[in-house]
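Read through the structure below, which is laid out as structure tokens, and then see the notes.
The values are calculated or read from the model by the stated rules, or taken from the named source; none is laboratory data. Keep in mind the model is a prediction, meaning the values are calculated, not measured. Reconstructed Cβ throughout: ideal geometry from the backbone, glycine too, with neighbour counts over all protein chains shown.
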Amino acid sequence: MKLIFSLLFFFFNLNFSSVLARGPERSLLSTSFSGSTGHLFEGNPSETSFDKAKGHVTNAELEKAVKEFRQRCSNISRICCMMILQFIGNVHGDEPVGRELLILLANWICNNHMKDPLVRLIAENMHLHIFPSMNPDGYALKRRGNENNTVLNRDFPYQFFPMNNDEEACQPETRAIMSWVRQIHFTASASLHGGALVANYPWDGTQDKRRYYYGCPDDEAFQFLASVYSRSHYNMSLSTEFQGGIINGASWYPIYGGMQDWNYIYGGCFELTLEISDDKWPSAEELPTIWEYNKMSMLNLVASLVKTGVRGRIFSSDSGRPLPGSITIKGINYTVNAGRAFADYYRLLTPGKRYEVMASMPGYKPKSTSIWLEETATADFILDPDSALEDNTPRSICDCSCDSKAKLVLLEFLLGFHVEVCFVLIVIGALLCFLLKRRQKFTLGKHKQSPKRSVVV
């Protein structure tokens, strides 16, 4: 089982417990986070929104539900895998639908991961983080911003303008999100909002602050992911306002300082903003219907990450060790970095197309391969050291590469010893070189055993 649930408690391990809910319901839930572009309304909710909170889960009840979930679903093990996705809710305090749906999603996966094929696919291939509430302070206060009345989805550093560049001046929730994303290296993300019914994707703003379609380098992949959610929804794709139920953020209305763009630029994470309810604060009686309308969309979005894209690892040809290099796609100006520990990568791409994939690493010659992406593909790269750099690198007399230069250096060194000592050292050195060569061949041989639909370059 490779599914990982980190419902809120993940942040206790990161010592973010100082971010406490300070409204009428004081709770540890404020250590849960979320982020994305909530659209439509900037002002405070109407007076009726307080009445609509009746029947919704409180912060204390949400914390209790998370603790119960953790105990009941402890059999879901923590095993590392390449594809990591985060679901986040309640970025804005007055948009509580996401927190309700994410608790339901977590329990649905826990209850069905052994019997439902789709859920089993997710459980065996995904590393999933679910955070129901980023802004419990705002929820408790029944307002959009946090306790400091800051809209969290305008608080992130941005690419086009020098805003929020001093991270220490950002809100605690914002800083925690950025630290979390940098540590976990998510492949994709989805944040749940209210106030419309549409799947929104980057860019969220333009360079001249005008409103028009402004796509990011992976515009096709984002359209594909947004369409997966919209088409799986009960009626999102039937929208008369948004064609196909999806929208480019900048063409809807530009915002700056949002988490969606920050995630893609600085976190290497493909994030969607999911507006899942026309009513920002629907009555509790409507929640079961909203859950049914969105359930398959959430599950299919997660499953789509398993079924499309290219993945693999990068190795060194001279030692067989993993190389934390980078992956680029010809024609797409965006780089995905391999993991530092295992040099594994996962690159989201639109299926049904041919791509030229290139792996590179400083000090090594880059390699590329062409793949036809039907659903998913595996491409492992074995990079050769750059000989020009290698020739200028000083060599140690202990270098067991067994080339001619090393042999000469070793011979000169041994001339000063007694013949018997030299003979023993030569035998030991030859044995070590033999064992090292054998180990290198064995290591590379293991990495070349590729799964179905895989290539080794």
Would region 285-301 turn up any residue that is touching a Phe, Trp or Tyr at 6+ places or on another chain (Cβ under 7 Å) and either β-branched (Val, Ile, Thr) or more than 15 Å from Ser232 (Cβ to Cβ) (or both)? no
For the structure I just gave you, tell me whether Ala284 is closer than 30 Å to Pro96 by Cα and surrounded by 17 or more Cβ atoms within 10 Å (Cβ to Cβ). no
Residue in region 352-373 that is surrounded by the fewest Cβ atoms within 10 Å (Cβ to Cβ), counting only those that are modelled with pLDDT under 95 and either aromatic (Phe, Trp, Tyr) or within 22 Å of the chain's Cα centre (by Cα) (or both): Trp372
Output the residue which, of all residues in region 139-166 that are part of a loop (DSSP other than H, G, I, E, B) and charged (D, E, K, R), is nearest to Gly205 (Cα to Cα). Asp155
Please go through (1) under 30 Å from Pro385 (Cβ atoms); (2) in a helix (DSSP H, G or I); (3) among the basic types (Lys, Arg) for Lys295 and return the number of the only condition it doesn't satisfy. (1)
Positions within region 135-166 being farther than 16 Å from Tyr256 by Cβ and among the acidic types (Asp, Glu), in sequence order: Asp137, Glu147
Consider only pairs whose beta carbons are under 9 Å apart and that are at least six residues apart or on different chains; among these, list those whose first residue lies in region 258-283 and is closer than 14 Å to Leu152 by Cβ and whose second residue is in a helix (DSSP H, G or I) and among the hydroxyl-bearing types (Ser, Thr, Tyr). Met259/Thr174
For Asn294, are the conditions met, namely being surrounded by fewer than 22 Cβ atoms within 10 Å (Cβ to Cβ), polar (S, T, N, Q) and closer than 30 Å to Tyr212 by Cα? no
Has region 281-291 got any residue that is modelled with pLDDT of 95 or more and either of a type in the set (S, T, N, Q) or within 25 Å of Gln183 (Cα to Cα) (or both)? yes
Residues located in region 322-336, provided they are under 22 Å from Asn263 (Cβ atoms) and either exposed (fewer than 13 other Cβ atoms within 10 Å of the Cβ) or among the acidic types (Asp, Glu) (or both): Asn333
So the check is Cβ under 9 Å with 6+ separation or different chains; which pairs have a first residue in region 181-195 that's in the same structural domain as Glu271 (by TED's automatic domain parsing) and farther than 15 Å from Ser230 by Cα and a second one that's in a strand (DSSP E or B) and among the aromatic types (Phe, Trp, Tyr)? Phe186/Phe270; Thr187/Phe270; Thr187/Tyr346; Ala188/Phe270; Ser189/Phe87; Ser189/Phe270
Pairs under 8 Å by beta carbon, first residue in the same structural domain as Ile371 (by TED's automatic domain parsing) and at negative phi in region 340-358, partner assigned to a loop (DSSP other than H, G, I, E, B) and polar (S, T, N, Q), six or more apart or different chains? Tyr346/Thr187; Leu348/Thr187; Leu348/Thr308; Leu349/Thr308; Thr350/Thr308; Pro351/Thr308
Just wondering, is there one or more residues in region 157-168 that are on the phi < 0 side of the Ramachandran plot and within 17 Å of the chain's Cα centre (by Cα)? no
Please find, within region 165-178, the residue that is farthest from Gly138 (Cα to Cα) out of those that are out of contact with any Asp or Glu (no Cβ under 6 Å at 6 or more places or on another chain) and of a type outside the set (D, E, K, R). Asn165
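Conditions (1) touching a helix residue (DSSP H, G or I) at 6+ places or on another chain (Cβ under 6 Å); (2) at pLDDT 95 or above; (3) not assigned by TED's automatic domain parsing to the domain that holds Ala123, marked per residue:
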position	(1), (2), (3)
Trp203	yes, yes, no
Ala221	no, yes, no
Thr240	no, yes, no
Tyr266	no, no, no
Leu299	yes, yes, no
Spot the failing condition for Glu286; the list is (1) of a type in the set (Asp, Glu); (2) part of a strand (DSSP E or B); (3) assigned by TED's automatic domain parsing to the domain that holds His113; (4) free of Cβ contacts under 8 Å to residues at least 40 places away in the same chain, and only one is missed. (2)
Condition first: surrounded by 24 or more Cβ atoms within 10 Å (Cβ to Cβ) and either basic (Lys, Arg) or assigned to a loop (DSSP other than H, G, I, E, B) (or both). Now tell me which residues in region 188-215 satisfy that. Gly194, Pro202, Trp203, Asp204, Gly205
Looking at Gly98, Gly145 in this structure, which one is assigned by TED's automatic domain parsing to the domain that holds Glu286, in contact (Cβ under 8 Å) with a residue 12 or more places away in the chain, crowded, with 24+ Cβ neighbours inside 10 Å and not aliphatic (A, V, I, L, M)? Gly98
Inside region 81-134, can you point out the residues that are closer than 23 Å to Gln260 by Cα, at pLDDT 90 or above, assigned to a loop (DSSP other than H, G, I, E, B) and not β-branched (Val, Ile, Thr)? Asn90, His92, Gly93, Asp94, Glu95, Pro96, Pro132, Ser133, Met134
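Each row is one residue, and each column tells you yes or no for (1) assigned by TED's automatic domain parsing to the domain that holds Tyr139; (2) crowded, with 20+ Cβ neighbours inside 10 Å; (3) touching a Leu at 6+ places or on another chain (Cβ under 9 Å).
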residue	(1), (2), (3)
Arg231	yes, no, no
Asn235	yes, no, yes
Trp262	yes, yes, no
Leu274	yes, yes, yes
Ser277	yes, yes, yes
